[in-house]
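Quick notes on the structure that follows.
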Amino acid sequence: MMHRILPLLALSVLLAGCGQRADLEPLANSSLPPAPYGAEVRPEPEDLLALDPQAAPERSVELRKRSEEREDDPFDLPPE
């Protein structure tokens, strides 16, 4: 039983990793979605794929370069 499952599992993992790496385009005889409500122009495909700042925020904290003593945290309490 196990000798049948392992090759199928390995094959499914290999197939899952081989995707086409090309630009996305609408299917033949179809178009992009209509313009959002209130917008005058329909956004381009690049605009639809771009993430807004809330979806991918930039890091706002500076990474520590060396080890430092931690300050006392009043909310770091032991479990009751």
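The values are calculated or read from the model by the stated rules, or taken from the named source; none is laboratory data. Everything quoted here is computed from the prediction, not taken from an experiment. Because the Cβ atoms are built from the backbone with ideal geometry, glycine has one as well, and the counts that use them run over all protein chains shown. Ligands, DNA and RNA are excluded from the accessible area calculation, which covers all protein heavy atoms including side chains. Shrake-Rupley method; radii C 1.70, N 1.55, O 1.52, S 1.80 Å.
Quick one: length gained pulling ASN29 to ILE5 fully straight, 0.36 nm per residue minus the C-alpha distance?
Taking 0.36 nm per residue and subtracting the Cα distance, the gain is 4.5 nm.
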Could you check how much of the accessible area of the chain is carbon and sulfur, as a whole percent, using a 1.4 Å probe? 56
Relative to the present Cα-Cα distance, how much length would full extension add between ASP52 and ASP73 at 0.36 nm per residue of separation? 4.2 nm
With N residues in the chain, what two-decimal value do you get for its Cα radius of gyration over 2.2 N^0.38 Å? 2.14
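How would you order 55-64, 40-49, 26-35 from highest to lowest mean count of nearby Cβ atoms within 10 Å?
The densest-packed peptide leads the list: 40-49, 26-35, 55-64.
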About the Cα centre of the chain, how large is the charge dipole given +1 on each Lys and Arg Cβ and -1 on each Asp and Glu Cβ? Please answer in debye to the nearest 20. 740
